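Heads up, the thing below is written out as structure tokens.
The values are calculated or read from the model by the stated rules, or taken from the named source; none is laboratory data. Note that the structure is predicted; figures quoted are calculated from it, not measured. So basically every Cβ, Gly included, is an ideal-geometry build from the backbone, and we count neighbours across all protein chains shown. For the accessible areas, the whole protein counts, side chains as well, though only heavy atoms, and no ligand, DNA or RNA atoms are used. Shrake-Rupley method; radii C 1.70, N 1.55, O 1.52, S 1.80 Å.
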Amino acid sequence: MDIRRQWIYFTIGGFGLGVLLRSFFDLGFTFTLFLVFMALAALCLCVVSRTAVAVFAALFLLGLALGVVRFDMVDLADGSPYLDAHIEKSVTLHAVVIDEPDERETNTKLVVRIKDAGNVPVDVKALVTTERYPRYSYGDTLTLVGKLTRPSPFLTDKGKVFDYRMYLKKEGIFYTMYNPTIDRIAVGGGNPVKRELFALKRKFLEQIGRVIEEPQVSLLGGLVVGAKRSLGEELLNDFRTTGIVHIVVLSGYNVTIVAEFIMRVLSFLPLILTWSLGVGSIILFALITGAGATIVRASIMAILVIIARATGRTYQITRALLLAGFVMVFYNPEILAFDSSFQLSFMATVGLIHLAPKLEQYFGWVPTRWQLREFATATISTQLFVLPLLLYKMGQLSIVALPVNLLVLPTVPITMLTGFLTGFVGFFNQILSLPLAYITDALLSYQLFVVEVFSKIPFASVSIETFPLRSEERRVGKECRSRWSPYH
């Protein structure tokens, strides 16, 4: 075994296991010290015996210790002592909206950075749930008056414990407020570049909203610019039932589509220039959509898929994927166990890189026209790799996912193109954008029709009874069975 080629797998593997274990168990400083001594002992054994096994054991143990220590460092951040003294009490806060508002069917969620509480300076994030109207924007400075709470675990409809505290903590959010009294005292704060990008996105959506109706425009917003607009709980359930909910939000798939379309248009250029423009388009696209953490992770995964297809070097790309995952987890260790988006993107990317090329030889009967064979192999490979995680997280298996994806995915690229052109042309002349809007609306209506028809098929999806895997989860489940959460 070549140490130069294999050492990275053992080190990153140990680091990932250390982060994962520390995510659920407080191992303590003594255990970490024990791992370091074990690693040193393995290194000493390596010097004496000169065996590769000892080297790999030492690297694995050092990675394990590093993972535990890195999570401990992040876990030290846990809010503000002053705010903790006012939990479940009415407080007056001054805060700035630091992310794009997340508009739901019945409410809007705002991520804010609290600047002071009762004239006491603080610097911490909170999630505010408020009415849909009036609407707020990135950079708004607000006065919030209401009850401050700490997020806590709750039970989902399927009886699964959702660790809401860690779900928010991975984004640096430690507090919540539900329906506070809000007074907007200033606008135009925050990062000026990010503010202008969000403003451009909002104007784009307003423009296409003039020529395309709901729910088509909300679906298009998710496809083209990752807009956080509500499709309604019933329609979202239909998308989950049919196994195509990944197109509703901006994912690595959508990002890859943008880059591949640009590369096809520019295919007459030298190959290296074409692929470079594809990667560049992903970076630009991420910036336009606001460059949130989820978008950045999806963009990294999409870039790796494009590089894998361009070079054909599967194993080198696997190493790059592991390195990218290591960098993201090192930066924020909590995403490994508590960020479903990262987990699903990572597993789907592994499937696309390793399994999809191998499946193509078994799909000779699927026509290559409209990239049907590529969609079939990509869908099956990603579904197989993410299936165990989806069953554990959601407890839902879509039986109709393959036919629905084959019917819908070929229409997504042209929908994104005509949808983008509809908004772009509409900036100059709304009448000229109407032909494009009709085409876009027809494609979106077709996609919604397919989802609606297949979601009504009996046993379109099968619910797998989920069960807690950890004693801590059982305990939390018992505590919150009778508690209703407004954030659910």
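Can you give me the ranges of the helices (runs of 4 or more DSSP H) entirely in the stretch 313-365 with at least 1 residues that are small (Gly, Ala, Ser) and farther than 16 Å from SER381 by Cβ?
314-331, 335-338, 340-350
Among the residues of the stretch 341-374 satisfying the criterion of being modelled with pLDDT of 80 or more and under 30 Å from ASP163 (Cα atoms), which is most open to solvent (accessible area, probe 1.4 Å)?
Per the criteria, the residue is MET347.
Does any residue of the stretch 161-171 turn out to be touching a helix residue (DSSP H, G or I) at 6+ places or on another chain (Cβ under 9 Å), among the basic types (Lys, Arg), over 30 Å from VAL217 (Cα atoms) and in a strand (DSSP E or B)?
Taking every residue of the stretch 161-171 in turn, none turns out to be touching a helix residue (DSSP H, G or I) at 6+ places or on another chain (Cβ under 9 Å), among the basic types (Lys, Arg), over 30 Å from VAL217 (Cα atoms) and in a strand (DSSP E or B).
Within the stretch 84-96, does at least one residue satisfy the condition of being in contact with a strand residue (DSSP E or B) (Cβ under 8 Å, 6 or more places away or on another chain) and charged (D, E, K, R)?
Of the stretch 84-96, the ones in contact with a strand residue (DSSP E or B) (Cβ under 8 Å, 6 or more places away or on another chain) are 86-96.
Going one step further and asking which of them are charged (D, E, K, R), we end up with 88-89.
The answer is yes; a qualifying residue exists.
Take the residues of the stretch 97-119 that are over 22 Å from the mean Cα position of the chain (by Cα) and buried (at least 17 other Cβ atoms within 10 Å of the Cβ): which is farthest from LYS147 (Cα to Cα)? Break it down into steps so the answer makes sense when it comes.
So the first thing to find is which residues in the stretch 97-119 are over 22 Å from the mean Cα position of the chain (by Cα), and the list is 106, 114-119.
Restricting the remaining residues to those that are buried (at least 17 other Cβ atoms within 10 Å of the Cβ) gives 114, 117.
Values: ILE114: 14, ALA117: 12 Å.
Only one residue tops the list, namely ILE114.
Could you check, for the stretch 392-400, whether at least one of its residues is touching a helix residue (DSSP H, G or I) at 6+ places or on another chain (Cβ under 9 Å) and over 18 Å from ALA460 (Cα atoms)? Reasoning before the result, please.
To start, the set of residues in the stretch 392-400 that are touching a helix residue (DSSP H, G or I) at 6+ places or on another chain (Cβ under 9 Å) comprises 393-394, 396-398, 400.
Imposing the further condition that a residue be over 18 Å from ALA460 (Cα atoms) reduces the set to 393.
Yes, the stretch 392-400 contains at least one residue that is touching a helix residue (DSSP H, G or I) at 6+ places or on another chain (Cβ under 9 Å) and over 18 Å from ALA460 (Cα atoms).
State which residue pairs qualify: first residue over 30 Å from ALA286 (Cα atoms) and inside the stretch 82-108, second residue at pLDDT 90 or above and assigned to a helix (DSSP H, G or I) in any location, beta carbons under 9 Å apart, and separation of 6 or more residues or different chains.
Taking only residues 6 or more apart or on different chains, the pairs are VAL91/LEU83; LEU93/LEU83.
Restricting the search to the stretch 340-377, which residues are free of Cβ contacts under 8 Å to residues at least 24 places away in the same chain and not polar (S, T, N, Q)?
Matches in the stretch 340-377: LYS358, LEU359, GLU360, TYR362, PHE363, GLY364, TRP365, VAL366, PRO367, ARG369, ARG373, GLU374.
Within the stretch 22-63, count every residue that is within 25 Å of ASP163 (Cα to Cα) and either among the polar types (S, T, N, Q) or open to solvent by less than 60 Å² (accessible area, probe 1.4 Å) (or both).
Residues that pass the stated criteria total 4.
Search the stretch 413-434 for residues that are over 17 Å from LYS203 (Cα atoms) and open to solvent by 50 Å² or more (accessible area, probe 1.4 Å) and pair each with any residue that is of a type outside the set (Asp, Glu) and in a helix (DSSP H, G or I) when their beta-carbon atoms are under 6 Å apart and the residues are at least 6 apart or on different chains.
The qualifying pairs are LEU432/VAL425.
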